[in-house]
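For reference, the structure discussed in these notes is given below.
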Amino acid sequence: MTLSFFDQFMSPTLFGIPLIALALFLPWVLFPAPSSRWLNNRLLGLQGWSIGRFTQQLLLPLNLGGHKWAVILTSLMLFLITTNMLGLLPYTYTPTTQLSLNLGLAVPLWLATVIIGMRN
């Protein structure tokens, strides 16, 4: 197999699909679009089902008192998944490699759990 120097700049593919297309398209599939209809179409039903199952798996080890954190934990996990998917793009890095983002997410959540634990 003969490779040139410029083969390193080619877009990586998976089953013939460029991974840059998957990395840009997949996070948008996770976010449900609001609808005023009573019955949803298949895509909205699939989005609602997948987010519901994701939340259920996320809250499985928590007791019932911890389920009030469901919205915060689910949105945080979806944010982390989408930002880490950006690392699949060529010549980019994930924002979670920066200490400022990690501390900006960790310190308020840690402080909230400490304050709520002291209050209870």
- Message: Under 5 Å between amide hydrogens, which residues at least 5 positions from ASN40 or on another chain qualify, with H placed 1.01 Å from N in the peptide plane?
- Response: none
- Item | Relative contact order [Cα under 8 Å, 6+ residues apart], the chain, whole percent | 22
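Peptides 52-63, 109-120: what's the order by average Cβ count within 10 Å, highest mean first? Present the calculation step by step, with values, prior to reporting the outcome.
Numbers: 52-63: 11.4, 109-120: 9.7.
Top to bottom by mean Cβ count within 10 Å: 52-63, 109-120.
In Å, the Kirkwood hydrodynamic radius of the chain over pairs of distinct alpha carbons?
On the way: mean 1/r = 0.0563 Å⁻¹.
When all Cα pairs of the chain are included, the Kirkwood radius is 17.8 Å.
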- Message: Give me a comma-separated list of calculated 3J(HN,Hα) values for region 105-110, in order, Karplus coefficients 6.51, -1.76, 1.60 applied at θ = phi - 60°, integers in Hz, x for any Gly or Pro.
- Response: 8, 7, 5, x, 5, 5
- Task: Starting at the first residue of region 75-89, write each ³J(HN,Hα) from the Karplus equation 6.51 cos²θ - 1.76 cosθ + 1.60 with θ = phi - 60°, in whole Hz, x for Gly and Pro.
- Result: 5, 5, 5, 5, 4, 5, 5, 5, 5, 6, 5, 5, x, 6, 6
- Per the helix-only calculation at 222 nm, which mean residue ellipticity applies to the chain, given -39500 (n - 2.57) for every DSSP H run of n ≥ 4 and division by its residues, nearest 500 deg cm²/dmol? -18500 deg cm²/dmol
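Quick note: the coordinates plus some simple rules give every number you see, no bench work behind them. What you are looking at is a predicted structure, and each value in this text was computed from that prediction instead of being measured. Here the Cβ is made from the backbone with ideal geometry for all residues, glycine too, and neighbour counts use every protein chain on show.
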